[in-house]
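What follows is calculated from the coordinates using simple rules that are stated; it is not laboratory data. Owing to the predicted nature of the structure, the values given are computational and were not obtained by experimental measurement. Glycine gets a Cβ as well: all are built from the backbone with ideal geometry, and neighbour counts include every protein chain shown.
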């Protein structure tokens, strides 16, 4: 277990604590907001640090590539769903954001089974920053209604827009690479069939030549015997 993977696991383990804090009915809104924002930002910070240390220490692993997006989705989805429960975020907006995450994750799974990968787009990476800012703003907006709450709602609209646009980008890249993969696989299949036909034709030709050679040898063997018969009769 290296440091980047450890940070990713910490992010996953922090998710239940964030949900508990957010869904606890606070007696003091100020302290609730501080605890909620602190835990959430601490978890989000591990997303930045695990990628930094993985590249810096050259510790990019298959496990890390699998766990990192799962940890991100768990963190953002749990926080947004908790905020829906608190009436701080619209349910339909959160449904679009979470649904997009499942759709992209499904595309990546299919792409992996087909032998290619779908890299995160620039817009997809920017969406993570917007999501963190929106969640923090919504939490603080409960304690400090006004411009913070309005800004957070605007950021949530921006997250929804970026989620839809980036999902279209992922679908386009997926279909493009899938089409290329299918064409390449079909090309290899046709080449294999052509090679098999060629091998079968070569084998048939070899058997024909062997039969001709056998007939010639039989004819050559029969000629001395015929000459011997003639000499005996003479």
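How far is the Cα center of the range 123-159 from the Cα center of the range 189-204, in Å?
With the range 123-159 and the range 189-204 each reduced to a Cα centre, they are spaced 62 Å.
Sorting check: for 97-107, 60-70, which peptide has the highest mean count of neighbouring beta carbons within 10 Å, and how do the rest follow?
97-107, 60-70
What number, in percent, do you get for the relative contact order of the range 67-170 if the mean sequence gap of Cα pairs under 8 Å and at least 6 apart is divided by its residue count? It would help to have the intermediate numbers written out before the result.
Values: 83 pairs, mean separation 32.3, N = 104.
Reported relative contact order: 31 percent.
For the range 18-74, what is one quarter of the convex hull surface built on the Cα atoms, given in nm²?
4.4 nm²
Counting alpha carbon pairs within less than 8 Å and at least 6 residues apart, what relative contact order, in whole percent, applies to the chain?
19 percent
Which value in nm describes the separation of the simple spin-label points at residue 10 and residue 59, placed 7 Å from the Cα toward the beta carbon?
In this crude spin-label approximation the distance works out to 1.1 nm.
Fewest Cβ neighbours within 10 Å first, please rank 1, 167 accordingly. Could you put the intermediate results ahead of the total?
Values: 1 8, 167 20.
Exposure proxy ranking, most exposed first: 1, 167.
Hey, what angle do you get for helix 91-114 against the long axis of the chain, alpha-carbon based, 0 to 90 degrees rounded to 10?
In the chain, helix 91-114 runs at an angle near 20 degrees to the longest axis.
List the extent of the Cα atoms of the range 9-128 along each of their three principal axes, largest first, rounded to whole Å.
Result, largest extent first: 52, 35, 22 Å.
For the range 1-95, calculate the relative contact order in percent as a whole number, restricting contacts to Cα pairs under 8 Å that are 6 or more residues apart.
Here the relative contact order equals 42 percent.
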